[in-house]
Each structure stands twice: as C-alpha cells, then as structure tokens.
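Enquirer: Okay, handing you the structure first.
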Amino acid sequence: MSRRTERLFYEEQTFRQRRMLLLLAVPPSVLLLLAIWQVVLGHPWGKHPMSNASLIGWTIFLWLVYIRLVLVRLVTELSPSELLVSMRGLWRRRRISVNDIKSVEVVTFDPVRDFGGYGIRTTRQGTAYIAGGNDGVRLELTSGATVLIGSERSKELAEAITRQLGN
C-alpha cells in the first residue's frame with residue numbers, strides 16, 4: 001500500500017520567456033518549410049538533398065523536442081521531512097532534507113545578472129532553480145551549499161520551511 005505524504009507547500013511554475021519560446025521554434029519551423037518545399041512541392045533542397053523520409057523524420061523529431069521543452073515546469077513541493085525541487089519534463093529532481101536546511105531567506109535577484117538566466121544554474125553563489133520572475137527563497141544548507149528556489153509565492157514558501165525547521 002502506498003501512503004501519500006502530506007504536502008505543506010506546492011507550487012508549479014511555467015517558463016514564461018516568450019522570446020525563448022520563439023527562438024526554440026525557429027529550427028523546427030525552418031525544417032518544416034524545407035520539408036514542404038521538397039516533399040510537397042517537389043523541389044529538392046541543395047546539391048545533395050536529404051531523402052524525403054529523412055527530412056520528414058528530422059522535422060518530426062525537432063517538433064517533438066520543441067514540445068517537450070515548452071512543457072517543462074518548475075515544481076516546488078514541501079513535505080514534513082523534505083523539500084523537493086524538480087524540473088518536471090526533464091527528469092531533474094533535487095531532494096533536500098528539512099534537517100539539512102540551516103537558514104531560510106526571502107530574496108530578490110536578477111536571474112540573468114546573478115545566475116546567467118533561467119532553468120537550473122550553478123554558479124559561485126550556489127545552485128539556482130528559476131522559472132521566471134525575480135523573487136525566491138535562498139536556503140543555506142548544513143553542508144555549506146546555497147540553493148536558491150525561484151518562486152511566485154516566496155514568502156509563503158519561506159514561512160512553510162521555517163515552520164518545519166521549528167518542529
């Protein structure tokens with residue numbers, strides 16, 4: 001029998017950078033246009049064109065990768081014993097035991113200047129999980145490591161973690 005653990009906090013964030021979504025759509029869109037040009041209209045592309053099957057296969061593959069990247073979500077979940085931060089859709093997950101958390105602080109940051117962008121970022125300042133915005137919670141762990149979790153509800157997350165530290 002599986003027993004569901006109690007959730008003290010749950011947040012799911014999407015990546016909201018429209019420019020990145022558009023830039024990521026360029027390669028599959030170009031390949032789609034080339035496939036239409038070659039397969040549908042019958043005009044081979046270049047001196048040594050790809051086979052129609054290869055062109056169609058690569059077009060489908062790139063669209064599947066694009067859709068997969070667009071559906072990635074940053075999920076933050078706090079249970080009584082651990083904090084789980086995951087990039088759902090990329091199979092990246094980090095579990096932090098509540099006992100390993102030394103301090104909690106609500107912070108404002110610049111994702112590009114401080115961490116080089118969005119996603120999972122590791123810098124001299126520590127590891128950051130950022131989907132958007134500029135608010136988050138900085139955790140200092142007993143190991144000395146620092147983890148920043150971007151959150152649209154950073155105060156609520158910090159309060160929930162602090163309550164667990166007090167238990």
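Enquirer: (1) surrounded by 15 or more Cβ atoms within 10 Å (Cβ to Cβ); (2) of a type outside the set (Gly, Ala, Ser); (3) modelled with pLDDT under 90: which one isn't true of Thr76, the others all being true?
Expert: Only one criterion is unmet by Thr76, namely (3).
Enquirer: Given the criteria farther than 29 Å from Val26 by Cα, in contact (Cβ under 8 Å) with a residue 12 or more places away in the chain and in contact with a strand residue (DSSP E or B) (Cβ under 8 Å, 6 or more places away or on another chain), does Leu78 qualify?
Expert: Working: farther than 29 Å from Val26 by Cα: yes; in contact (Cβ under 8 Å) with a residue 12 or more places away in the chain: yes; in contact with a strand residue (DSSP E or B) (Cβ under 8 Å, 6 or more places away or on another chain): yes.
Criteria met by Leu78.
Enquirer: Testing Thr14 on (1) out of contact with any Lys or Arg (no Cβ under 7 Å at 6 or more places or on another chain); (2) of a type in the set (S, T, N, Q); (3) exposed (fewer than 15 other Cβ atoms within 10 Å of the Cβ), one condition comes back false. Which one is that?
Expert: Answer for Thr14: the failing condition is (1).
Enquirer: Quick one: in region 79-90, which of the residues that are within 16 Å of the chain's Cα centre (by Cα) and over 17 Å from Thr127 (Cβ atoms) is surrounded by the fewest Cβ atoms within 10 Å (Cβ to Cβ)?
Expert: Residues of region 79-90 within 16 Å of the chain's Cα centre (by Cα): 84-90.
This time we only want the ones that are over 17 Å from Thr127 (Cβ atoms), so: 88-89.
On the way: Arg88: 13, Gly89: 15.
Per the criteria, the residue is Arg88.
Enquirer: Just to be sure, is Glu6 under 24 Å from Ala128 (Cβ atoms) and either of a type in the set (D, E, K, R) or modelled with pLDDT under 85 (or both)?
Expert: Working: under 24 Å from Ala128 (Cβ atoms): no; either of a type in the set (D, E, K, R) or modelled with pLDDT under 85 (or both): yes.
Answer is no for this residue.
Let's see how each residue does on (1) under 24 Å from Ala158 (Cβ atoms); (2) hydrophobic (A, V, I, L, M, F, W, C); (3) outside any strand (DSSP E or B):
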{"residue": "Arg7", "(1), (2), (3)": "yes, no, yes"}
{"residue": "Glu11", "(1), (2), (3)": "yes, no, no"}
{"residue": "Gln38", "(1), (2), (3)": "no, no, yes"}
{"residue": "Gly57", "(1), (2), (3)": "no, no, yes"}
{"residue": "Arg68", "(1), (2), (3)": "no, no, yes"}
{"residue": "Thr76", "(1), (2), (3)": "yes, no, no"}
{"residue": "Leu90", "(1), (2), (3)": "no, yes, yes"}
{"residue": "Glu105", "(1), (2), (3)": "yes, no, no"}
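The values are calculated or read from the model by the stated rules, or taken from the named source; none is laboratory data. Owing to the predicted nature of the structure, the values given are computational and were not obtained by experimental measurement. Glycine also receives a Cβ, built like all others from the backbone with ideal geometry; neighbour counts cover every protein chain displayed.
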